[in-house]
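Comments concern the structure below.
Readers should treat all values here as calculations from the given coordinates under stated rules, not as data from a laboratory. This is a predicted model, so every value here is computed, not measured.
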Amino acid sequence: MGYLEILNELFFGYIALFIVVKILGKTQINQITPFDFISALVLGNILGDAIYDDKANLPHILFSIFTWSALIFITEVITQKSRRARKVLEGDPSVVIKKGIIQWNELKKNRLDIDQLLQLLRAKSAFSVNEVAYAILENDGSVSVLKKSSYDAATKQDLKINAEKAIMPMVIISDGKIIERSLHSLKKDEKWVHKKLTEANLTLKQVCFAEWDSKQLHLHTY
C-alpha cells in the first residue's frame, strides 16, 4: 500500500467519522453508558485497522463506518422510544446510599467495592459517608450525591462563626476488617475499636464499614 493510498483513505475516513459524529450527536462523545463507550471504540478501530489492511479499500472502509454508525443510530432511536429497550441496553441507576445507609446489595450487583465508592464520593466533595443522605450510581459510572441537610446548610462564614479546623475522616473498618494504619494515625488500638462496637451492641462481624470523624465512630452494618 502506497503513501498516496493511505493518505486518501485517511482523508476520506476522517470526513466520514466527522459526519458520523455530527449525526450521532454528543452522547457518543460523552459515552454516557458502557454500550456507548464500546460502540465508539469499535467505530474508531474500524478506520484504524482498515487503513493498514491491504485487502480493505476505500469503499470497504466507508461501507463499514456508515454501516456501524447506522446500527448505533438505530439503537439510539429504539432506546429513545422504548423504555424496555432502554432498560436492557443502558440499565437503571442504582441507589448505593439510601437515607445515609450503604446499600450493600446494590454495591455487589454493580461490582463496586467500598474503596471505589469512597473515591466516587470524594469526587463529589463528600469526604465522609456520614455526610451523604442519598448517592445514586448513574449509568455512566459516576455518582450523584444528595448531602444531608446539616451538611448542606449555610456556611460558618455566612453566619460569622469561627470555623473549626477541617479534619479528614478516617476509615476504621472496611469490609469487616480493622484498618491498622488508621488506628496507628489516630494512636488507637483494636481494644478501642471493640469498645466502641460493644457500646453500639455490635460485633466486628456485623460491621462492614466504619469511619471516625474526630467526634464519633459512624458504623454501617451488613
### Task
Report the extension gain between SER149 and THR67 in nm, rounded to one decimal, defined as 0.36 nm multiplied by the number of residues separating them, less their alpha carbon distance.
24.5 nm
### Query
What relative contact order, as a whole-number percentage, does the range 79-143 give when Cα pairs under 8 Å and 6 or more residues apart are counted?
40
